[in-house]
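J.: Can you keep this structure in mind? I'll have questions shortly.
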Amino acid sequence: MGKILSVDGGGSKLSAVLFDDAFRLLGRGRSGGVNTNHTTPENSRANIVDCLGQVFGEKSSVYIDRFYVVFIGPVNILYEELAKHATVGEIVPLHEARAGLLAGALWEEGILALAGTGSDIFYVREEKTLNSLVGAWGPILGDQGSGAWIGQKALRAVVAGIEGWGEPTLIHDLIRREWKLEKDWEMVRIIHGSVAPFRLAASLTSLVGEAARADDPVALNILRKAGLLMAVQTDCLIRRQNIPKPYRRVVCCGGAWKTHPSMFAVFCERLQELYPGISVDKPWFEHVMAGPALEMLRQQMPVRQARQSLSERFPDYVIHW
């Protein structure tokens, strides 16, 4: 049986699945992020080595028929490390936007609202190799609505509360618990001493979500603002590209959307105000399922059947909201 490898790497994680052409899972791996906007090249390589080691174990000289690659980082290092385990017949690079649309809804054309460690809004067209987008400026210049943005807003709100010119927030207590702080000033050392400070900030989204579920007004305000900013950017892309009505359909992907329902709710409400009846959906599968999804679509499997088959064969990659 032919072997197929699908890899997804970005700011917060690297994930890989090895399967055969009957869609049987042969190996899997998951490690930390590889995007050098958020971590060091050395840490990126270490995570690649770790992930591929999980997939292949002690095996070497494996032949892979097709290799689907979604990778925001030093892809040359990925190829170097993979060569230690396998020989590849065909490499199929996938842009993260196309991968998100494929894994999220098994669509070939539509809008992807990505809010992970970073954020972008893409219009993916089936007949185009390049996508139109708003965003992709990185965590210093942009990434509004992303996990890194949410985490930074949370940290700054905590500092404002500590200093006395901002509203006190439960996020402060949760960070003290999470980071085991004896003194608040230790946050300076932790953030500025991190090899991946923006990824560390993005990891705080879970704490912001916990505070929001406790009705903390600061946390809820941050997440509502994140949803609104994602909607503003989506509207900008629709208007700028004059996207046809049949393709004004949106899939939201990335971990930031999972933080709290208020972010997605505000995003939907704003887009419905601007474009009544627009389809806005949450994704079905993680990005790494873009490879299996495309394999099924190439076999001309109906979308409903493909979704059911992927859910049964790769249950750990189904996104539960």
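The values are calculated or read from the model by the stated rules, or taken from the named source; none is laboratory data. Predicted, not measured: the structure shown is a model, and the values here were computed from it. Ideal geometry is used to build each Cβ from the backbone, glycine not excepted, and the neighbour counts take in all protein chains shown.
J.: Of all residues being part of a helix (DSSP H, G or I) and among the aliphatic types (A, V, I, L, M) in region 271-282, which is nearest to Arg24 (Cα to Cα)? Just the residue, please. Explain how you work it out, then say what you get.
T.: Keep residues of region 271-282 that are part of a helix (DSSP H, G or I), which gives 271-274.
Pick out the ones that are also among the aliphatic types (A, V, I, L, M) and you get 271, 274.
Values: Leu271: 39, Leu274: 44 Å.
Per the criteria, the residue is Leu271.
J.: Applying the selection to region 7-34, what residues are surrounded by 20 or more Cβ atoms within 10 Å (Cβ to Cβ) and either outside the structural domain of Ala46 (by TED's automatic domain parsing) or of a type in the set (D, E, K, R) (or both)?
T.: Hits for region 7-34 are Asp8, Lys13.
J.: Does Ser31 qualify as being touching an Asp or Glu at 6+ places or on another chain (Cβ under 7 Å) and hydroxyl-bearing (Ser, Thr, Tyr)?
T.: yes
J.: Considering only residues of region 1-33 that are in a strand (DSSP E or B) and among the hydroxyl-bearing types (Ser, Thr, Tyr), which is farthest from Val69 (Cα to Cα)?
T.: So in region 1-33, the residues in a strand (DSSP E or B) come out as 3-9, 13-20, 25-32.
Add one more test, that the residue is among the hydroxyl-bearing types (Ser, Thr, Tyr), and what stays is 6, 15, 31.
Numbers: Ser6: 6, Ser15: 11, Ser31: 16 Å.
Among them, the one singled out is Ser31.
J.: Something else about it: Given the criterion closer than 18 Å to Gly142 by Cβ, modelled with pLDDT under 95 and of a type in the set (D, E, K, R), identify the matching residue among Arg248, Arg240.
T.: Arg240
J.: Okay, moving on. Looking at Val195, Val158 in this structure, which one is outside the structural domain of Leu228 (by TED's automatic domain parsing), surrounded by fewer than 14 Cβ atoms within 10 Å (Cβ to Cβ), over 28 Å from Lys282 (Cα atoms) and of a type in the set (A, V, I, L, M, F, W, C)?
T.: Answer to the selection: Val195.
J.: Residues that are touching a Ser or Thr at 6+ places or on another chain (Cβ under 8 Å) and under 20 Å from Arg313 (Cβ atoms): does region 46-57 have at least one?
T.: yes
J.: Continuing with the same structure: Looking only at residues in region 283-318 that are in a loop (DSSP other than H, G, I, E, B) and either crowded, with 17+ Cβ neighbours inside 10 Å or aromatic (Phe, Trp, Tyr) (or both), which one is farthest from the chain's Cα centre (by Cα)?
T.: In this case the residue turns out to be Met301.
J.: Ok, one more. Which of the residues belonging to region 203-237 are in contact with a His (Cβ under 6 Å, 6 or more places away or on another chain) and not aliphatic (A, V, I, L, M)?
T.: If the condition is that a residue be in contact with a His (Cβ under 6 Å, 6 or more places away or on another chain) and not aliphatic (A, V, I, L, M), then Gly209 is the only one that fits.
J.: Tell me which residues, restricted to region 164-185, are in contact with a helix residue (DSSP H, G or I) (Cβ under 8 Å, 6 or more places away or on another chain) and closer than 17 Å to Gly151 by Cβ. Break it down stepwise before answering.
T.: Within region 164-185, the first condition is being in contact with a helix residue (DSSP H, G or I) (Cβ under 8 Å, 6 or more places away or on another chain), and the residues that meet it are 166-172, 174-175, 178-179, 181, 184.
Those that are in contact with a helix residue (DSSP H, G or I) (Cβ under 8 Å, 6 or more places away or on another chain) and closer than 17 Å to Gly151 by Cβ: Gly166, Thr169, Leu170, Ile171, His172, Leu174, Ile175, Glu178, Trp179, Leu181, Asp184.
Conditions tested, residue by residue: (1) in contact with a Ser or Thr (Cβ under 9 Å, 6 or more places away or on another chain); (2) within 20 Å of Ser12 (Cβ to Cβ); (3) without any contact (Cβ under 8 Å) to a residue 24 or more places away in the chain.
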| residue | (1), (2), (3) |
| --- | --- |
| Tyr247 | no, no, no |
| Val250 | yes, no, no |
| Trp257 | no, yes, no |
| Pro261 | no, no, yes |
| Val266 | no, no, no |
| Glu273 | no, no, yes |
| Gly277 | no, no, yes |
| Pro283 | no, yes, no |
| His287 | yes, yes, no |
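J.: Of all the residues that make up region 211-234, how many are in contact (Cβ under 8 Å) with a residue 40 or more places away in the chain and acidic (Asp, Glu)?
T.: Qualifying residue count for the region: 1.
For every residue, the table says whether it meets (1) over 30 Å from Ala136 (Cβ atoms); (2) out of contact with any Asp or Glu (no Cβ under 8 Å at 6 or more places or on another chain).
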residue	(1), (2)
Phe56	yes, yes
Asp65	yes, no
Tyr68	no, yes
Ala83	no, yes
His95	no, yes
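J.: Do you know which of the residues in region 179-192 that are closer than 22 Å to His38 by Cβ and hydrophobic (A, V, I, L, M, F, W, C) is surrounded by the most Cβ atoms within 10 Å (Cβ to Cβ)?
T.: In this case the residue turns out to be Met187.
J.: Residue check, Ala212 against (1) at pLDDT 95 or above; (2) of a type in the set (Gly, Ala, Ser); (3) within 25 Å of Leu101 (Cα to Cα), all met but one. Which one?
T.: So the condition that Ala212 fails would be (3).
J.: Next up: Would you check which residues across region 211-270 are among the small types (Gly, Ala, Ser) and either surrounded by fewer than 17 Cβ atoms within 10 Å (Cβ to Cβ) or outside any helix (DSSP H, G or I) (or both) and list them? Reasoning before the result, please.
T.: Residues of region 211-270 that are among the small types (Gly, Ala, Ser), as a first pass: 211-212, 214, 219, 226-227, 231, 254-256, 262, 265.
Result: Ala214, Gly254, Ala265.
J.: Any chance you could count how many residues in region 160-198 are aliphatic (A, V, I, L, M), touching a residue at least 40 places away in the same chain (Cβ under 8 Å) and not in a loop (DSSP other than H, G, I, E, B)? Explain how you work it out, then say what you get.
T.: So in region 160-198, the residues aliphatic (A, V, I, L, M) come out as 160, 162, 170-171, 174-175, 181, 187-188, 190-191, 195-196.
Retained after the next criterion (residues that are touching a residue at least 40 places away in the same chain (Cβ under 8 Å)): 170-171, 195-196.
Narrowing further to those that are not in a loop (DSSP other than H, G, I, E, B): 170-171.
The total comes to 2.
J.: Output the residues belonging to region 182-213 that are over 20 Å from Thr40 (Cα atoms) and among the basic types (Lys, Arg).
T.: Correct list: Lys183, Arg213.
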